[in-house]
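To keep things clear, I will list the structure first and then write my remarks on it.
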Amino acid sequence: MPVPTGGRMIQRAPNDPAGPNDLTRQAYVAAQVALRLALTGGTLSGNLTIAAAAPVLVLDATGALAPRSVAYRTTGLDRWRAGADAATESGGDAGSNYFIERYNDAGAIIDRPLDIARATGSLTLSASMTIAAASPNITLNAASPAVRGITLSTAGTNRWWFYANSTAEG
């Protein structure tokens, strides 16, 4: 016989020894249902673990121009946010670019120090980069003979360019 639990019906198993008037069992079932996270959303107060051979957390936007991100908060205020932006997916792998944003103590956005374009894989840093290592190294590795270089610019105007030409080394 179905047991009503807050608008939902739970069917008893055929081998369930509890009778339809077992209020203790009904209260227990109702309490367990109340503890479950609704499919429409909610707040978990404990850790969430995904245990699988190849676990994936999926953030699937159901509409166009919707950002998908994970927010890192302290006392309810954003500190960091990372995800895919709301840039238009107009073909050619454009849009849904990856980003990392940082937020101030009041939870307001400061800036977006990192962007990665989905179409090209180009990485944009809007802040200085520091490499702290005993022997720091930056490698510019072209797949085939190509110009590799570093450009120093001021307000969008190139000032210095250090490069290796595209002549094959040998």
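The values are calculated or read from the model by the stated rules, or taken from the named source; none is laboratory data. Model, not experiment: these values are computed from the prediction. In this analysis, Cβ positions are derived from the backbone assuming ideal geometry, glycine residues included, and neighbour counts consider all displayed protein chains. Quick note on the areas: whole protein, heavy atoms, side chains included, nothing else; ligands and nucleic acids left out. Shrake-Rupley method; radii C 1.70, N 1.55, O 1.52, S 1.80 Å.
Yes/no matrix, rows are residues, columns are (1) at positive phi; (2) more than 31 Å from the chain's Cα centre (by Cα); (3) charged (D, E, K, R):
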site	(1), (2), (3)
E101	no, no, yes
L123	no, no, no
A134	no, yes, no
G149	no, yes, no
T157	no, yes, no
W160	no, yes, no
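If the condition is being not hydrophobic (A, V, I, L, M, F, W, C) and not in a loop (DSSP other than H, G, I, E, B), then the range 33-77 contributes R68, S69, Y72, R73, T74. The set of residues in the range 24-47 being open to solvent by less than 90 Å² (accessible area, probe 1.4 Å) and either of a type in the set (F, W, Y) or over 34 Å from the mean Cα position of the chain (by Cα) (or both) consists of R25, Q26, A27, V29, A30. Against the test of being within 25 Å of T130 (Cα to Cα), free of Cβ contacts under 8 Å to residues at least 60 places away in the same chain and either open to solvent by less than 100 Å² (accessible area, probe 1.4 Å) or out of contact with any strand residue (DSSP E or B) (no Cβ under 9 Å at 6 or more places or on another chain) (or both), the options R81, R118 yield a single qualifying residue, R81. The requirement of being at pLDDT below 95 and among the aliphatic types (A, V, I, L, M) is not satisfied by L77.
Among the residues of the range 89-97, at least one is among the charged types (D, E, K, R), loosely packed, with under 13 Cβ neighbours inside 10 Å and touching a residue at least 24 places away in the same chain (Cβ under 8 Å).
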